[in-house]
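The values are calculated or read from the model by the stated rules, or taken from the named source; none is laboratory data. Because the structure is predicted, anything quoted here is derived from the model rather than measured. Methodologically, a virtual Cβ is constructed for each residue, glycine included, from the backbone with ideal geometry; neighbour enumeration extends over all protein chains shown. Accessible surface areas use protein heavy atoms only, side chains included; no ligands, DNA or RNA. Shrake-Rupley method; radii C 1.70, N 1.55, O 1.52, S 1.80 Å.
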Amino acid sequence: MQVEQTFVMVKPDGVKRGLIGPIITRFEQKGFELAAISLRTIDRNLAETHYGELKSKPFFGELVDYLTSGPVCAMIWQGPHAVENARAIIGKTNPVEAGPGTIRGDFGMDISGNIVHGSDSDASAAREIGLFFDRDHVAQPSAQLFGGTAVAR
Ligand code: IDP
């Protein structure tokens, strides 16, 4: 079994509303294993780099304001098909369209506050993990959960 990693971030609205715990619970219940976690306030430079692909969008400034409005909880979750499984439990970008049972569908009301970020590809996951974490502080997959397979990098 191939164990992959994905980058997940509880955004400032999720942190302020006390949703770190419920979000972690959902990832654990799904079967993911936590590899790293960090609560931090990010500066505009990191927010702009993280969302660099969206620079030309009309909402980019608003998005950077949102991401820097309070602490975020950055996490690395690992397991099989990590990127796809995380996107499935996070739900569609707009909470209005995200189905019940997904994090955005259950906890969000509007696209300006969609609670959580999840990488959209393995390449994005590797890039985003590199932006937020020092490799030395990331746990390896546990033998118990995933048979000790090496993480794909
Ligand atoms: P994703 O977060 O589901 O991968 P993206 O299209 O990559 O969706 O957008 C990144 C983030 O930009 C969204 O999670 C949301 O916070 C914000 N965003 C996307 N579209 C809009 C919009 O139309 N208005 C305001 N913010 C938006």
### Query
For Gly70, are the conditions met, namely being touching a residue at least 24 places away in the same chain (Cβ under 8 Å), touching a helix residue (DSSP H, G or I) at 6+ places or on another chain (Cβ under 6 Å) and farther than 19 Å from Val3 by Cα?
yes
### Task
Could you list, in sequence order, all residues of segment 111-145 that are under 18 Å from Arg87 (Cα atoms) and not in a loop (DSSP other than H, G, I, E, B)?
Gly113, Val116, His117, Gly118, Asp122, Ala123, Ser124, Ala125, Ala126, Arg127, Glu128, Ile129
## Note on the structure
Counting only residues in segment 50-71 that are within 11 Å of the ligand (Cβ to nearest atom) and not in a helix (DSSP H, G or I), the one least open to solvent (accessible area, probe 1.4 Å) is identified as Tyr51
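Out of Ala47, Ala74, Ala35, report the one residue that is assigned to a helix (DSSP H, G or I), among the small types (Gly, Ala, Ser) and on the phi < 0 side of the Ramachandran plot.
After ruling out the rest, the residue left standing is Ala47.
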### Task
State all residues of segment 75-107 that are free of Cβ contacts under 8 Å to residues at least 24 places away in the same chain, small (Gly, Ala, Ser) and either under 21 Å from Ile37 (Cα atoms) or within 13 Å of the ligand (Cβ to nearest atom) (or both); if no residue qualifies, say none.
Ala88, Gly91, Ala98, Gly105
